[in-house]
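First comes the structure, then the notes that go with it.
Just so it is clear, none of the values below were taken in a lab; they were calculated from the coordinates. Note that the structure is predicted; figures quoted are calculated from it, not measured. No Cβ is skipped: glycine too gets one built from the backbone with ideal geometry, and neighbour counts run over all protein chains shown.
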Amino acid sequence: MSGKHVAVLMGGLSSERPVSLSSGNACAEALEGEGYRVTKIDVGRDIGQVLAELRPDVAFNALHGPFGEDGTIQGVLEYLQIPYTHSGVLASALAMDKGQAKIVAANAGIPVAEARVMSRFDIGSEHPIKPPYVVKPVREGSSFGVVIVKEDQSHPPQVLTSSEWRYGDRVMVEHYVAGRELTCGVMGDRALGVTEIVPQGHSFYDYDSKYVAGGSRHVLPAEISPKIYQKIQELALKAHQAIGCRGVSRSDFRYDDRFSEDGELIWLEINTQPGMTPTSLVPEMAAHAGFGFGEFVRWMVEEASCLR
């Protein structure tokens with residue numbers, strides 16, 4: 001039994017707050033089962049003061065989205081010298097910015113789709129690139145604000161310039177890659193299994209297909225050729241290392257095998273704070289590799305550090 005005091009950081013200020021609460025509660029319960037003394041913290045703007053008074057041995061970062069996985073909370077933890085899980089300040093900030101992460105990945109030899117980062121107000125009435133394409137907020141997760149523009153659509157999505165848009169002014173306009181949704185986790189210096197995500201009743205892997213019961217089906221191991229399976233693992237590990245991630249990450253891919261087995265394989269993005277419920281993608285991959293959920297979160301706590 002460890003006896004370490006672990007503060008589980010959860011909730012937070014982003015649109016992904018409900019997902020974070022689910023991750024945090026699951027991790028806190030598992031860590032208590034592993035013998036840690038656990039304090040759950042619903043993170044607010046006073047988090048620096050709360051942590052300075054609590055002084056835990058380790059902070060388990062179960063936050064998702066802005067402030068939680070963009071380098072902000074990581075900077076607070078560095079300042080307070082509290083060891084923490086997942087990636088550090090620079091890697092977190094870089095991975096959260098889809099445009100910058102894509103530049104780093106491409107320079108590392110990872111195949112990416114054609115894309116432009118621009119202000120949503122500059123898109124106007126003309127397509128910024130030839131349809132089909134996808135518009136993504138540069139600094140959001142869980143598919144918030146993602147819009148797919150089909151080939152026959154006559155103009156860009158009007159929601160981008162509406163007063164209801166709340167996902168920031170910078171967006172990435174990315175060539176749409178048809179095909180299968182594949183994802184691969186990394187745990188330290190090893191790639192985990194490759195999962196195919198099959199949305200059920202949804203046109204793509206959106207928020208509901210991620211978090212609503214029955215919204216998607218996970219196929220692990222993915223039913224693809226050994227050559228492509230291994231290639232995805234190699235690229236996931238390469239992205240993890242190129243961006244400077246620590247602990248756990250997950251890279252997402254599109255694989256278009258409609259015309260040949262080799263097909264087109266494209267890296268989409270990397271997630272430095274993947275969902276952490278027992279049925280989330282990366283814990284499923286860890287279980288497939290022989291790590292029970294309690295063992296998995298224990299590994300993350302024991303691997304925690306500053307200067308990540």
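Here are some notes:
- Which listed residue, of E284, E269, is touching a helix residue (DSSP H, G or I) at 6+ places or on another chain (Cβ under 7 Å) and among the acidic types (D, E): E269
- For the range 25-65, the tally of residues that are part of a helix (DSSP H, G or I) and without any contact (Cβ under 8 Å) to a residue 40 or more places away in the chain stands at 10.
- Only one of the listed residues (A287, A239) is without any contact (Cβ under 8 Å) to a residue 12 or more places away in the chain and either closer than 15 Å to K102 by Cβ or in a helix (DSSP H, G or I) (or both). That residue is A287.
- Considering the conditions (1) touching a Cys at 6+ places or on another chain (Cβ under 6 Å); (2) more than 21 Å from G294 (Cβ to Cβ), P18 is excluded by exactly one of them, (1).
- For the range 1-24, the set of residues classified as over 24 Å from the mean Cα position of the chain (by Cα) and part of a strand (DSSP E or B) consists of H5 only.
- Flag for I129 being surrounded by fewer than 20 Cβ atoms within 10 Å (Cβ to Cβ), of a type in the set (V, I, T), in contact (Cβ under 8 Å) with a residue 24 or more places away in the chain and not in a strand (DSSP E or B): yes
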